[in-house]
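Following: one structure in C-alpha cells, then a few remarks.
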Amino acid sequence: MKFLMIGAHQDDNEFRLGGITEKLVKNGHQVRFLSMCNGCGGHHILTPEETVKTRAAESANVAKLLGIEYDVWTDSDDCALVADLETRRRLIRYIRNYNPDVVITHRVNDYHADHRAAGQLVQDASYMLVVPHECPDAPAMREMPVILYNEDHFKQPLFTADIVIDVDEQIDTKLKIADLNVCQVYEWLPYTHGEVVPEDKKERFEWLAGMDPHKWISDEEVMKLKRGYAVRYAKTAARFRKELIERYGEEKGSKVRYAEAFEISEYGKQPTKELLDKIFSF
Ligand SMILES: [Zn+2]
C-alpha cells in the first residue's frame, strides 16, 4: 500500500509519524512525506535561505534513515500557506499523481496557521480527487484514500484516538529523527521556549529525550515530566492507555510505553475494520 504523509513543515511528519513509518516500511509498504512549506521560518540566526537549505539537508538524512521518499514544496514559504483554490488544485494533482491508499495530515484546529491550512487543503481536495473534470490534466482517482489525522492536544473539538499504535521498538529511531533535526530541536525550538541546550553531544541527547527511554516509568510519573521527545511519545501512550489495552489486550496494552495516535477523517474513504487491520497490520 502507498502512504502519503502531508505535513505543513518537515518536522510535523517526522516527529508525529516516525514510529509507524518505520513499521510500514518494514512491512513492505511505500511511504512518502510531503512538507507543504519549505521551512524558511524556522530559525532565529540563519537567513530564511540558509534555513531552507539546512532543513532540506536534515530531512534528507531522515528520509535515508527511514527509507522513504520525501518532497518539500520549496517555493512555498513558512507562515504563508493558505487554503486557496490554486494550492488546492496543486495538491489535488500531487495526490493523484502519487495515488495513495492512505493520507495522514493535521486536524484543522491545530495551533499553527500552516497546520490548519494543510489540514484544510487535504479536506478540500479529498472529494475532488475522484472528480474527473476537476484538474483533468491529472487522471482522477477511482477511489478516495483513507484520510487520518495526527494527534494534537486542542480541545474544540477534542482529538479522537481511533487508532493507537505501539511504537516501543521504534523509540530509538524516533529519538534519532529528532536528533537529526539539529537546527530545530537544538537551536530554533529551544530559542522559542527560552531553554538552554547542553553543549556536550551525549548530554544534549539525554536532554532531548527528557527521560531514560529504556527504563519503565509509570503513566503517573510520565505525566509529571515536562519536556523531552521520549516524554512526548510516552504521554501519548499514557493519554490513550484505555485504547492501547483495547487494541493489544490488558497484558501488552498496559505495558506499551510509546505510542502514535490517529483519528479517522470523515472526508476520506471510510475504512472497515478489515481495511484498518490491513493498513496497521502490527
Ligand atoms: Zn509545523
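The values are calculated or read from the model by the stated rules, or taken from the named source; none is laboratory data. Predicted model, so just to flag it, every value in this text is computed and none were measured. We place every Cβ from the backbone using ideal geometry, glycine too, and count neighbours over all the protein chains shown.
Residue by residue through the range 156-186, note down the ones that are among the β-branched types (Val, Ile, Thr) and either touching a strand residue (DSSP E or B) at 6+ places or on another chain (Cβ under 9 Å) or outside the structural domain of Pro213 (by TED's automatic domain parsing) (or both).
Taking the range 156-186 first, the residues among the β-branched types (Val, Ile, Thr) are 160, 163-165, 167, 171, 173, 177, 182, 185.
Those that are among the β-branched types (Val, Ile, Thr) and either touching a strand residue (DSSP E or B) at 6+ places or on another chain (Cβ under 9 Å) or outside the structural domain of Pro213 (by TED's automatic domain parsing) (or both): Thr160, Ile163, Val164, Ile165, Val167.
Identify, from the list Gln184, Gln170, the residue that is polar (S, T, N, Q), part of a helix (DSSP H, G or I), within 30 Å of His44 (Cα to Cα) and modelled with pLDDT of 95 or more. First the steps, then the outcome.
Numbers: Gln170 fails: within 30 Å of His44 (Cα to Cα).
Only one candidate passes the filter, namely Gln184.
Within the range 40-52, does at least one residue satisfy the condition of being within 15 Å of the ligand (Cβ to nearest atom) and in a helix (DSSP H, G or I)?
From the range 40-52, those within 15 Å of the ligand (Cβ to nearest atom) are 40-43, 51-52; that's our starting set.
Restricting the remaining residues to those that are in a helix (DSSP H, G or I) gives 51-52.
Yes: the range 40-52 contains one or more residues that are within 15 Å of the ligand (Cβ to nearest atom) and in a helix (DSSP H, G or I).
Of the conditions (1) under 26 Å from Gly253 (Cα atoms); (2) among the acidic types (Asp, Glu); (3) within 16 Å of the ligand (Cβ to nearest atom), Asp168 fails just one. Which one is it?
(3)
Being within 13 Å of the ligand (Cβ to nearest atom) and surrounded by fewer than 20 Cβ atoms within 10 Å (Cβ to Cβ) narrows it down to one residue among His112, His29, His9; which is it?
Answer to the check: His112.
Please enumerate the residues belonging to the range 75-109 that are assigned to a loop (DSSP other than H, G, I, E, B) and within 16 Å of the ligand (Cβ to nearest atom).
We begin by selecting, within the range 75-109, every residue assigned to a loop (DSSP other than H, G, I, E, B); these are 75-84, 99-101, 106-109.
Of everything in the range 75-109, those that are assigned to a loop (DSSP other than H, G, I, E, B) and within 16 Å of the ligand (Cβ to nearest atom) turn out to be Ser76, Asp77, Asp78, Cys79, Ala80, Leu81, Val82, Ala83, His106, Arg107, Val108, Asn109.
Out of Val146, Val167, Val130, report the one residue that is surrounded by 13 or more Cβ atoms within 10 Å (Cβ to Cβ) and in contact with a helix residue (DSSP H, G or I) (Cβ under 6 Å, 6 or more places away or on another chain).
Val167
Does Lys64 qualify as being over 27 Å from Ile279 (Cβ atoms) and away from the ligand (no atom under 13 Å from the Cβ)? Give the derivation first.
Working: over 27 Å from Ile279 (Cβ atoms): no; away from the ligand (no atom under 13 Å from the Cβ): yes.
No, not satisfied.
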